[in-house]
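A.B. asks: Dropping the structure in here first, questions after.
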Amino acid sequence: MKQRHAPGYGRWRLVLALLPLALLWPALRHTVESRMSLHMLGEFPLLFMAGWSASRLGLCRPRSRRWLRGQRLLDWHGWTGATLTSGVALVWMLPSALDASLLWPAAAVAKFLSWWLAGWWLADSWRRMDVEVMLFLVGNLAWMAATAGLLYIDAPTRLCVNYLQDDQRHAGVGLVLLALLLGALALWRAQARAARDSLVVA
């Protein structure tokens, strides 16, 4: 059965896909990246969701499904998407990576592209993931977010050159809350998948 969306749904996807272009405005990008909490909990998810939305916009057109065949050969049951997303999150939770993205343009470009690509790839992987792969992905992200968050909260000194210790603690609290949210998402998704599978079997 073809899935139907409310009027304007595709328009909102397009807006979200193009929203990171606003970060090309230096004043806005400086405002976002001047706070560690906004940098990690605002900019990173925005870039990820932009890639996700761009991928879903492409999937809405039948002809675009042809290029998906090659991608899916490299992404058996969503494992490549899960690994890519986990790797990107791991790299950009490191204090040294955050500092590098603020100091070197090449690192900033790598940050933008890696988060966007992770969202773009996972948009298709997510549909085909087994429950075990999904739990691995979300559980791994939650564990990394909680670990980094507690490290930022408990560190006696600044871990990032470009951020004050108070802002570092705020980012840590946000990451811990994000970890709890991801854990709840994993449980909800697993229960929904199990309920759907039980209906199919019945």
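A.B. asks: Answer yes or no as to whether residue 141 is within 18 Å of the chain's Cα centre (by Cα) and buried (at least 21 other Cβ atoms within 10 Å of the Cβ).
C.D. replies: For residue 141, the condition - within 18 Å of the chain's Cα centre (by Cα) and buried (at least 21 other Cβ atoms within 10 Å of the Cβ) - is met.
A.B. asks: Could you tell me which residue of the stretch 87-111 is farthest from residue 24 (Cα to Cα), considering only residues that are surrounded by fewer than 16 Cβ atoms within 10 Å (Cβ to Cβ) and not aliphatic (A, V, I, L, M)?
C.D. replies: Step by step, filter the stretch 87-111, then rank; the result is 87.
A.B. asks: Which of the residues belonging to the stretch 79-109 are under 15 Å from the mean Cα position of the chain (by Cα) and of a type in the set (Gly, Ala, Ser)?
C.D. replies: Once the filter is applied, which keeps residues that are under 15 Å from the mean Cα position of the chain (by Cα) and of a type in the set (Gly, Ala, Ser), the stretch 79-109 yields 81, 82, 86, 87, 89.
A.B. asks: Now for a different question. Has the stretch 25-33 got any residue that is modelled with pLDDT of 90 or more and either under 18 Å from the mean Cα position of the chain (by Cα) or part of a loop (DSSP other than H, G, I, E, B) (or both)?
C.D. replies: yes
A.B. asks: Still on this structure, please answer the following. Is it fair to say residue 159 is surrounded by 17 or more Cβ atoms within 10 Å (Cβ to Cβ) and of a type outside the set (D, E, K, R)?
C.D. replies: For residue 159, the condition - surrounded by 17 or more Cβ atoms within 10 Å (Cβ to Cβ) and of a type outside the set (D, E, K, R) - is met.
A.B. asks: If residue 111 satisfies all but one of (1) at pLDDT 95 or above; (2) outside any helix (DSSP H, G or I), what's the number of the condition it fails?
C.D. replies: Of the numbered conditions (1) at pLDDT 95 or above; (2) outside any helix (DSSP H, G or I), the odd one out for residue 111 is (2).
A.B. asks: OK, next. Under 8 Å by Cβ, and 6 or more places apart or on different chains, what pairs join a residue from the stretch 85-101 that is closer than 24 Å to residue 124 by Cα and without any contact (Cβ under 8 Å) to a residue 24 or more places away in the chain with one that is in a helix (DSSP H, G or I) and among the aliphatic types (A, V, I, L, M)?
C.D. replies: 91/97
A.B. asks: Looking at (1) touching a residue at least 60 places away in the same chain (Cβ under 8 Å); (2) assigned to a helix (DSSP H, G or I); (3) closer than 29 Å to residue 36 by Cα, can you tell me which one residue 193 breaks?
C.D. replies: Unmet for residue 193, out of (1) touching a residue at least 60 places away in the same chain (Cβ under 8 Å); (2) assigned to a helix (DSSP H, G or I); (3) closer than 29 Å to residue 36 by Cα: (3).
A.B. asks: Taking only the stretch 162-172 into account, find how many residues are within 17 Å of residue 43 (Cα to Cα) and either surrounded by fewer than 16 Cβ atoms within 10 Å (Cβ to Cβ) or touching a Cys at 6+ places or on another chain (Cβ under 7 Å) (or both).
C.D. replies: Residues flagged as within 17 Å of residue 43 (Cα to Cα) and either surrounded by fewer than 16 Cβ atoms within 10 Å (Cβ to Cβ) or touching a Cys at 6+ places or on another chain (Cβ under 7 Å) (or both) within the stretch 162-172 amount to 1.
A.B. asks: All but one of (1) over 26 Å from residue 174 (Cα atoms); (2) surrounded by fewer than 17 Cβ atoms within 10 Å (Cβ to Cβ); (3) at pLDDT below 90 hold for residue 80, so report the exception by its number.
C.D. replies: It is condition (2) that residue 80 fails.
A.B. asks: Only one of 106, 123 is touching a helix residue (DSSP H, G or I) at 6+ places or on another chain (Cβ under 7 Å) and small (Gly, Ala, Ser); which?
C.D. replies: 123
A.B. asks: Output the number of the condition that residue 114 fails; it satisfies all remaining conditions of (1) in contact (Cβ under 8 Å) with a residue 40 or more places away in the chain; (2) within 25 Å of residue 20 (Cα to Cα); (3) buried (at least 19 other Cβ atoms within 10 Å of the Cβ).
C.D. replies: (1)
A.B. asks: Working only within the stretch 159-179, note down all residues that are farther than 18 Å from residue 92 by Cβ and assigned to a loop (DSSP other than H, G, I, E, B).
C.D. replies: 164
The values are calculated or read from the model by the stated rules, or taken from the named source; none is laboratory data. None of these values were measured; they are calculated from a predicted model. Cβ atoms come from the backbone with ideal geometry, glycine included; neighbour counts cover every protein chain shown.
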